[in-house]
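What follows is a single structure, written as structure tokens, with notes after it.
The values are calculated or read from the model by the stated rules, or taken from the named source; none is laboratory data. Everything quoted here is computed from the prediction, not taken from an experiment. Quick reminder, even Gly has a Cβ in these numbers, built from the backbone with ideal geometry, and neighbours come from all protein chains shown. Ligands, DNA and RNA are stripped out before the accessible areas are found, and what is left, the full protein with its side chains, is counted by its heavy atoms. Shrake-Rupley method; radii C 1.70, N 1.55, O 1.52, S 1.80 Å.
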Amino acid sequence: MLRYALTYVSETDGLQKHIMRYPQLFATKAIERKLNERVRKGIIWHTQGSGKTALAFYNVRFLTDYFQKQQIIPKFYFIVDRVDLLTQAQREFTSRGLIVHTINSREAFARDIKVTQAIHNHTGKPEITVVNIQKFKDDPDVVSAQDYDVTIQRVYFLDEVHRSYNPKGSFLANLDQSDRNAIKIGLTGTPLLGEDYNSRILFGDYTHKYYYNASIADGYTLRLIREEIATNYKIAL
């Protein structure tokens, strides 16, 4: 807890001390168990607003030490499908002290895959690469390079995996081909249950779950209440 679960966050009103919430702690331990079992992909299903970006941040810390004990250097990616999510993720990671490297094009992503270093900064500070796939997720040649550095363990956090990762599209296939050994952790608050875009088929089984009702009980989420509008308002509408 002292080593991995405390962080200082730079907010508009100054520096705040944040502590890892219990679903984030249990999810991190679940990721560790899966990796010990040599399972390299899975889904973290945590309800909306439960801090999935913060979970990724805590795991940059934790997994860096986890792999370095095995003399492996990890390289972390946070993959989004919209520019606004890239901006939001960049802000959240930066406020927690991570160096953020951003990628917005297929060419930049292909170059980054070939780089034989885990970080781009020269300070030695922990780093994460945030990738926006909006402009190139359907490109048939997202990543074709095979000459990556095998001493680097790539860890992909894929945001909102219920939504934009079409199994019939090319992005997932190319991501998989770019590094067969990469670890893929899907993050979602609302897993898609349809047959064509089933998250579990794409990303494996659930690694950890934190449901909407648990978040309500914890006081982090307000209960939704459906209330019928009066007849005169219906008529006016």
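Figures for the structure shown
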quantity	calculated
Restricting the range 123-150 to residues that are modelled with pLDDT of 65 or more and not in a strand (DSSP E or B), the residue that is farthest from Phe67 (Cα to Cα)	Gln134
Enumeration of residues in the range 180-196 that are surrounded by 13 or more Cβ atoms within 10 Å (Cβ to Cβ) and either at pLDDT 75 or above or in contact with a strand residue (DSSP E or B) (Cβ under 7 Å, 6 or more places away or on another chain) (or both)	Ala182, Ile183, Lys184, Ile185, Gly186, Leu187, Thr188, Gly189, Thr190, Pro191
Checklist (1) touching a residue at least 12 places away in the same chain (Cβ under 8 Å); (2) farther than 22 Å from Arg154 by Cα applied to Leu2, failing item	(1)
Strands (runs of 3 or more DSSP E) fully within the range 22-117 counting 1 or more residues that are β-branched (Val, Ile, Thr) and open to solvent by 70 Å² or more (accessible area, probe 1.4 Å)	73-80
Residue within the range 197-219 that is at pLDDT below 70, buried (at least 19 other Cβ atoms within 10 Å of the Cβ) and not in a loop (DSSP other than H, G, I, E, B) present	yes
Residue in the range 43-60 that is under 16 Å from Tyr156 (Cα atoms), polar (S, T, N, Q) and at pLDDT 95 or above present	yes
